[in-house]
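Here is the structure we will look at, set down as structure tokens.
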């Protein structure tokens, strides 16, 4: 399920230990990723309430990708993120179930 930018920032910066546990569990699935309902431009423009520096938020995303092996997709908004998840799951199902 896609996550709002505010939730992504809070989870990766303020609740990092819990989020890392969730990432470890997610990495064990056949298909797992983090889908954010925002763009990198939204992060760089600080379109979130947290006082976290944009570099810290981008660094957290890079850590998720590199350190935990879980892809992160920034999909612009909720509609695009939902479409992305639907298409991703459809493609996965087609490949697995034939």
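The values are calculated or read from the model by the stated rules, or taken from the named source; none is laboratory data. Given the structure is predicted, the values throughout are model-derived calculations rather than measurements. Don't worry about glycine lacking a Cβ; one is built from the backbone with ideal geometry, like all the others, and counts go over all protein chains shown.
Restricting to region 51-72, and then to whatever is outside any helix (DSSP H, G or I), under 14 Å from the mean Cα position of the chain (by Cα) and exposed (fewer than 15 other Cβ atoms within 10 Å of the Cβ), can you tell me which residue is modelled with the lowest pLDDT? Spell out how you get there, then give the answer.
First pass over region 51-72, keeping only residues outside any helix (DSSP H, G or I): 51-53, 69-72.
Add one more test, that the residue is under 14 Å from the mean Cα position of the chain (by Cα), and what stays is 69-72.
Applying the additional criterion that residues be exposed (fewer than 15 other Cβ atoms within 10 Å of the Cβ) yields 69, 71.
On the way: 69: 92, 71: 95.
Taking the candidates together, the pick is 69.
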Can you tell me how many residues in region 23-41 are surrounded by 14 or more Cβ atoms within 10 Å (Cβ to Cβ) and closer than 18 Å to residue 70 by Cβ?
10
Can you find a residue in region 42-50 that is modelled with pLDDT under 95 and either crowded, with 19+ Cβ neighbours inside 10 Å or within 16 Å of residue 16 (Cα to Cα) (or both)?
yes
Tell me yes or no: at least one residue of region 72-88 is in contact with a helix residue (DSSP H, G or I) (Cβ under 6 Å, 6 or more places away or on another chain) and closer than 18 Å to residue 18 by Cα.
yes
Could you grab me the full set of residues in region 27-42 that are touching a helix residue (DSSP H, G or I) at 6+ places or on another chain (Cβ under 8 Å) and part of a helix (DSSP H, G or I)?
27, 40, 42
Could you grab the pairs with beta carbons closer than 7 Å, sequence gap of 6+ or different chains, first residue in region 82-97 and in a helix (DSSP H, G or I), second one modelled with pLDDT of 95 or more?
84/35; 84/73; 84/75; 85/35
Give the residue that is surrounded by the fewest Cβ atoms within 10 Å (Cβ to Cβ), with candidates limited to residues of region 1-15 that are part of a helix (DSSP H, G or I) and touching a residue at least 40 places away in the same chain (Cβ under 8 Å).
6
